[in-house]
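Input: a single structure, listed below in structure tokens.
The values are calculated or read from the model by the stated rules, or taken from the named source; none is laboratory data. Just so we're clear, the structure is a prediction, and the values are computed from it rather than from any experiment. Cβ: placed from backbone, ideal geometry, glycine included. Neighbour counts: every protein chain shown.
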């Protein structure tokens, strides 16, 4: 859809890597580190976040997230986007990550095999408001149930220690 914009957050943020990445983008784009008052934010379809330390905050402005990994041995953090109730997409090798397993089973996480599969699932979720809202609700519920966990754990430890 033409109303979607992409925030691209590469793991490697060296100038050389960002230039190579930008050269491959077929859409109008801007680099976060190069933004100025004259930047055409409205005309850009992609914003490359080429600065370390802003990703967790950036999720607050999103609606969907693709988290890197899941095709090799690792998976990037799925808790950061889902804490902002963003339905999250990732590769098929996620079974060693309990949160990712939960999100998939509950309907807030979506496994993609390749770029075409991602495109199909993205379209389905972005065009079906009911499905999107269901995924958001799953994620909000997950974090609502987790609130107060530290206090519950500490209370359990106190009870356990006082009974000895």
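A quick yes/no check of all residues on (1) assigned to a helix (DSSP H, G or I); (2) assigned by TED's automatic domain parsing to the domain that holds residue 137:
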{"site": "20", "(1), (2)": "yes, no"}
{"site": "40", "(1), (2)": "no, no"}
{"site": "44", "(1), (2)": "no, no"}
{"site": "118", "(1), (2)": "yes, yes"}
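On the given criteria, is residue 122 crowded, with 18+ Cβ neighbours inside 10 Å, assigned to a helix (DSSP H, G or I) and modelled with pLDDT under 95? So residue 122 passes the test.
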